[in-house]
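A.B. asks: Just dropping this structure here.
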Ligand code: AMP
Ligand code: MG
């Protein structure tokens with residue numbers, strides 16, 4: 001297990017006061033997660049978001065037979081010196097039927113897109129390339145042998161490696177697997193993740209919030225995000241700011257959940273019980289990171305269950321869920337702990353920044369293709385999350401951003 005953080009030292013004096021830099025925090029998370037090993041077979045149709053537990057090989061070629069890429073006429077390409085006139089016979093080859101008919105030299109047959117190339121032919125001419133009414137056509141010299149046909153197995157050959165173990169299945173992968181006849185896949189079992197919010201001020205959506213209360217914004221946000229990543233979720237509700245309540249909720253989840261996400265109570269205040277509990281009852285792996293927003297983020301284990309303690313502030317909780325939780329879940333689920341996908345883009349803003357911490361700004365691409373940031377950096381501005389399409393990442397060493405600087409943009413869609 002990684003070193004235990006000395007909570008008293010961190011709360012107390014400036015001496016020993018330490019925020020873990022983001023790269024080190026990520027390395028700690030990566031090293032303490034043990035991937036879940038249990039596998040099962042699922043129908044490919046239902047495998048969205050699952051992680052492959054074995055390499056997958058094509059069960060059949062795709063396409064299984066040579067076929068036409070267009071609506072047109074199939075014929076055997078004339079050899080040098082042979083007549084280039086093709087007589088069209090009155091028959092149509094359509095997809096979904098085996099092509100039994102043998103087409104003779106000098107004959108052409110109407111063929112629809114996807115129709116199997118009939119024996120004796122090797123080329124298809126687009127129907128627009130010949131005049132409509134004629135019963136014959138001359139093969140134009142611009143048409144080459146084999147044109148407008150798709151070869152058997154041209155996408156994937158039977159037996160070929162299609163996708164690797166550890167790959168997380170997306171919609172397009174379901175199409176690929178199905179096309180090569182892989183109708184069931186071996187995957188790691190989906191994670192079951194518990195989500196709870198902490199705070200005396202929080203109210204559930206089935207009650208009316210008094211003026212001194214706020215609705216719990218974090219659970220709908222975190223639970224829906226986890227589901228969109230392909231995980232099963234268990235709604236553990238709101239837990240009051242009380243160590244005992246929190247402890248019993250976490251302990252009663254033993255054996256049922258693979259991981260628990262909490263929000264709130266991660267900081268150093270009197271009523272911040274999550275970080276306290278992690279230190280007193282569990283193994284605190286990580287606490288307080290040099291990141292903005294999201295500084296109070298903590299991670300540890302209680303009774304062997306990984307606990308991701310996100311800050312209560314919804315903006316910080318959202319950022320921490322993308323930066324720390326997402327790669328950890330992918331690893332735990334049998335995939336890889338990888339960096340978020342990003343691209344470089346020009347800024348339309350200027351900004352000064354403190355050295356030593358990594359900052360994530362709520363941002364979107366403006367109509368000119370530059371990146372703009374939300375008007376306020378206030379972390380209480382939940383509307384900034386809806387306004388933005390991604391995050392600008394400013395590294396630890398950055399201190400100044402000028403208009404036109406190149407920065408990393410991390411689209412939300414790519415997490
Ligand atoms: P905490 O991390 O518990 O100190 O909370 C930080 C801020 O986020 C406080 O203003 C909380 O009221 C707010 N907050 C905490 N949890 C939630 C939540 N689930 N939904 C909305 N706001 C929250
Ligand atoms: Mg709180």
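A.B. asks: Just subtract the alpha-carbon distance of residue 104 and residue 37 from 0.36 nm times their residue separation and send over the number in nm, one decimal.
C.D. replies: Working: separation 67, 0.36 × 67 = 24.12 nm, distance 5.82 nm.
Between residue 104 and residue 37, full extension yields 18.3 nm more.
A.B. asks: So which residue, out of 100, 67, 151, gets the largest mean-square fluctuation from a GNM of the chain using Cα contacts under 10 Å as springs?
C.D. replies: Of the options given, 100 has the highest mean-square fluctuation.
A.B. asks: Give me Rg over Rh for region 218-322, both radii from the alpha carbons and Rh done the Kirkwood way, two decimal places. Write out the running numbers ahead of the final one.
C.D. replies: Working: Rg = 12.7 Å, Rh = 13.7 Å.
Across region 218-322, the Cα-based Rg/Rh ratio is 0.93.
A.B. asks: Compute the projected area of the convex hull of the Cα atoms of region 65-200, averaged over all viewing directions, and report it in nm² to one decimal place. Kindly include the intermediate steps, with their values, before the conclusion.
C.D. replies: Numbers: hull surface 57.3 nm².
Answer in nm², one decimal: 14.3.
A.B. asks: Moving on to the next point. Sort the following peptides by mean Cβ neighbour count (other Cβ atoms within 10 Å, averaged over residues), highest first: 307-318, 196-207. List each step's numbers first, then the result.
C.D. replies: Details: 307-318: 25.8, 196-207: 16.4.
Descending mean neighbour count gives 307-318, 196-207.
A.B. asks: Cα gyration tensor of region 169-214, axes a ≥ b ≥ c as square roots of the eigenvalues: rounded (a/c below 1.5), prolate (a/b > b/c) or oblate?
C.D. replies: On the way: a/c = 6.07, a/b = 3.47, b/c = 1.75.
Prolate, because a/c is 1.5 or more and a/b exceeds b/c.
A.B. asks: Continuing with this model, one more query. Could you list 167, 91 so that the one with the fewest beta carbons within 10 Å of its beta carbon is first and the one with the most is last? Kindly include the intermediate steps, with their values, before the conclusion.
C.D. replies: Numbers: 167 18, 91 12.
Sorted ascending by nearby Cβ count, the order is 91, 167.
A.B. asks: Counting DSSP beta bridges with both partners in the chain, what percentage is antiparallel, nearest 5?
C.D. replies: Details: 51 of 77 bridges.
The antiparallel proportion sits near 65 percent.
A.B. asks: Could you check which residue among 260, 365, 223 shows the biggest mean-square fluctuation in a GNM of the chain with a 10 Å Cα cutoff?
C.D. replies: 365
A.B. asks: Now for a separate question. Taking N as the number of residues in the chain, what value does Rg over Cα atoms divided by 2.2 N^0.38 Å take?
C.D. replies: Numbers: Rg = 29.7 Å, N = 415, 2.2 N^0.38 = 21.7 Å.
Here the answer is 1.37, to two decimals.
A.B. asks: A follow-up question, please. Rounded to whole Å, give me the distance from the Cα center of region 66-129 to that of region 211-247.
C.D. replies: 62
A.B. asks: Follow-up. Relative to the longest principal axis of the C-alpha atoms of the chain, give the angle of the C-alpha long axis of helix 22-32, reported between 0 and 90° and rounded to the nearest 10°.
C.D. replies: 80
A.B. asks: Further question: Multiply the residue gap between residue 165 and residue 30 by 0.36 nm, knock off their C-alpha separation, and tell me the result in nm, one decimal place.
C.D. replies: Numbers: separation 135, 0.36 × 135 = 48.60 nm, distance 1.88 nm.
Roughly 46.7 nm would be gained on extension.
A.B. asks: Once the Cα gyration tensor of region 35-126 is found, what semi-axes does its equivalent ellipsoid get, as square roots of 5 times the eigenvalues, in whole Å, sorted largest first? Before the final figure, lay out the partial values.
C.D. replies: On the way: eigenvalues 364, 35, 21 Å².
Semi-axes, largest first: 43, 13, 10 Å.
A.B. asks: Let me ask another. What 222 nm value per residue comes from the helices of the chain, counting each DSSP H run with n ≥ 4 as -39,500 (n - 2.57) and dividing by all residues, nearest 500 deg cm²/dmol?
C.D. replies: Working: 9 runs with 73 residues, N = 415.
After summing the helix terms and dividing by residue count, I get -4500 deg cm²/dmol.
A.B. asks: Could you put 174, 29 in order, starting from the residue whose Cβ has the fewest other Cβ atoms within 10 Å? Don't skip to the end; give the middle numbers.
C.D. replies: On the way: 174 19, 29 22.
With the fewest neighbours first, 174, 29 line up as 174, 29.
A.B. asks: Given region 240-395, what whole percent of its Cα pairs are spread farther than 25 Å?
C.D. replies: Distances greater than 25 Å cover 36 percent of the Cα pairs.
A.B. asks: If you don't mind, there's one more thing I want to ask. Can you tell me the 0 to 90 degree angle between the C-alpha axis of helix 218-228 and the longest principal axis of the chain, rounded to 10?
C.D. replies: Roughly 30 degrees between the two axes.
A.B. asks: Still on this structure, I have one more. Grab the eigenvalues of the alpha-carbon gyration tensor for region 171-287, scale each by 5, take roots, and send me the semi-axes largest first in whole angstrom.
C.D. replies: Listed largest to smallest, the semi-axes of region 171-287 are 34, 19, 11 Å.
A.B. asks: Evaluate E = 1/(1 + (r/R0)^6) for residue 382 and residue 19, where r is the Cβ-Cβ distance and R0 equals 25 Å; express this FRET efficiency to the nearest 0.05. Let's see the in-between values first.
C.D. replies: Values: r = 24 Å, r/R0 = 0.98.
Efficiency for this residue pair is about 0.55.
A.B. asks: For the chain, what's the relative contact order in percent, using C-alpha pairs closer than 8 Å and at least 6 residues apart? Kindly include the intermediate steps, with their values, before the conclusion.
C.D. replies: Numbers: 911 pairs, mean separation 69.0, N = 415.
Once normalised by length, the contact order is 17 percent.
A.B. asks: Based only on the alpha carbon positions, what is the Kirkwood hydrodynamic radius of region 323-389, in angstrom? Show your work: numbers first, answer last.
C.D. replies: Working: mean 1/r = 0.0701 Å⁻¹.
Kirkwood hydrodynamic radius for region 323-389: 14.3 Å.
A.B. asks: With a cut-off of 8 Å between alpha carbons and a minimum separation of six or more residues, what is the relative contact order of region 103-153 in percent?
C.D. replies: Numbers: 27 pairs, mean separation 20.1, N = 51.
39 percent.
A.B. asks: Now for a different question. Between residue 399 and residue 88, what is the label-point separation in nm under the 7 Å Cα-to-beta-carbon projection?
C.D. replies: Using points 7 Å along Cα→Cβ, the separation is 7.6 nm.
A.B. asks: Take every Cα pair under 8 Å in region 31-148 that's 6+ residues apart, average their separations, divide by the length, and report that relative contact order as a whole percent. If you can, show how the numbers build up before the last one.
C.D. replies: Details: 189 pairs, mean separation 34.0, N = 118.
Here the relative contact order equals 29 percent.
A.B. asks: Taking 0.36 nm per intervening residue step and subtracting the Cα-Cα distance, what contour gain separates residue 348 from residue 154 on full extension?
C.D. replies: Numbers: separation 194, 0.36 × 194 = 69.84 nm, distance 4.58 nm.
Roughly 65.3 nm would be gained on extension.
A.B. asks: Put a dot 7 Å past each Cα toward the Cβ at residue 59 and residue 375; how far apart are the dots in nm?
C.D. replies: 5.7
Every number in this text was worked out from the coordinates using simple rules, so none of it is lab data. Please read all numbers here as calculations on a predicted model, not as lab measurements. Ideal geometry is used to build each Cβ from the backbone, glycine not excepted, and the neighbour counts take in all protein chains shown.
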